[in-house]
Amino acid sequence: MSNSLRPGNSLRKALPVRFAYETALSDRIGANNKNDFFAFRVNVRSSFRGRLVNAQKNIGFHLLDRNGQVLQTSTRTGARSQSIRLDVEAGDYYVQVFSTNPRSKTYQLRLFKEELWCGCGDEDEASRSRSTPRSLFT
């Protein structure tokens, strides 16, 4: 990871992640650490996308709700490039990176978000496209 903070190995110890549009995280998992958890909050309905890139075999990831229930599992678990895409409501979420192999493996996880417009209210399409993006993940 880019700083000294390490992801936790359970929901309760998940590393809080703050980002406005995109962030990249990397770490290592293996025999003594088969799971890494990251926590984030969505303030408004958004499109969430996660990508695991340059992953080694036997690594995958899940998007979890605030209770730890799996909302979606990465496509092609074990492949070098995997993804999740899901529209999510405001709330707290977790990403779990996991390994099924006892050997230590490195990974890079990229998280993206984009606010979903409801098409309601006084704001017209032109003014929305000119507006400054707001931080949705805090």
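Please indicate, with yes or no, whether at least one residue in segment 58-75 is surrounded by 13 or more Cβ atoms within 10 Å (Cβ to Cβ) and at positive phi. Steps first, answer last, please.
Filtering segment 58-75 for residues surrounded by 13 or more Cβ atoms within 10 Å (Cβ to Cβ) gives 58-65, 68, 71-75.
Cutting the leftovers down to at positive phi gives us 58, 68.
Yes, because at least one residue in segment 58-75 is surrounded by 13 or more Cβ atoms within 10 Å (Cβ to Cβ) and at positive phi.
At least 1 residues that are within 23 Å of Leu116 (Cβ to Cβ) and touching a residue at least 60 places away in the same chain (Cβ under 8 Å) in each: list the strands (runs of 3 or more DSSP E) lying fully within segment 10-67 that qualify. Please lay out each step first, then the result.
Details: elements: 22-29, 35-42, 46-53, 59-64.
Qualifying strands (runs of 3 or more DSSP E): 22-29, 35-42, 46-53.
Please state which of the following conditions Asp36 fails to meet, knowing it meets all the rest: (1) under 27 Å from Asp87 (Cβ atoms); (2) surrounded by 13 or more Cβ atoms within 10 Å (Cβ to Cβ); (3) at pLDDT below 90; (4) of a type outside the set (Lys, Arg).
Against the list (1) under 27 Å from Asp87 (Cβ atoms); (2) surrounded by 13 or more Cβ atoms within 10 Å (Cβ to Cβ); (3) at pLDDT below 90; (4) of a type outside the set (Lys, Arg), Asp36 comes up short only on (3).
So Gly78 ticks every box in (1) at positive phi; (2) modelled with pLDDT of 90 or more but one. Which box is left unticked?
Of the numbered conditions (1) at positive phi; (2) modelled with pLDDT of 90 or more, the odd one out for Gly78 is (2).
Quickly run through segment 88-119 and pick out the residues that are free of Cβ contacts under 8 Å to residues at least 60 places away in the same chain, part of a strand (DSSP E or B) and of a type in the set (Phe, Trp, Tyr).
Result: Tyr93, single match.
List the number of the failed condition for Arg51; all other conditions in (1) under 18 Å from Gln108 (Cα atoms); (2) surrounded by fewer than 17 Cβ atoms within 10 Å (Cβ to Cβ); (3) not hydrophobic (A, V, I, L, M, F, W, C) hold.
Failing condition for Arg51: (2).
On the given criteria, is Gly30 in contact with a Ser or Thr (Cβ under 8 Å, 6 or more places away or on another chain) and surrounded by fewer than 16 Cβ atoms within 10 Å (Cβ to Cβ)? Steps first, answer last, please.
Values: in contact with a Ser or Thr (Cβ under 8 Å, 6 or more places away or on another chain): yes; surrounded by fewer than 16 Cβ atoms within 10 Å (Cβ to Cβ): yes.
Against the criterion (in contact with a Ser or Thr (Cβ under 8 Å, 6 or more places away or on another chain) and surrounded by fewer than 16 Cβ atoms within 10 Å (Cβ to Cβ)), Gly30 qualifies.
So which residues in segment 82-105 are open to solvent by 50 Å² or more (accessible area, probe 1.4 Å) and at pLDDT below 90, if there are any at all?
Listed by number, the residues that qualify are Thr100, Pro102, Arg103, Ser104.
The values are calculated or read from the model by the stated rules, or taken from the named source; none is laboratory data. These numbers were taken from a predicted model, which means no experiment stands behind them. Don't worry about glycine lacking a Cβ; one is built from the backbone with ideal geometry, like all the others, and counts go over all protein chains shown. The accessibility values were calculated without ligands, DNA or RNA, using every heavy atom of the protein model including side chains. Shrake-Rupley method; radii C 1.70, N 1.55, O 1.52, S 1.80 Å.
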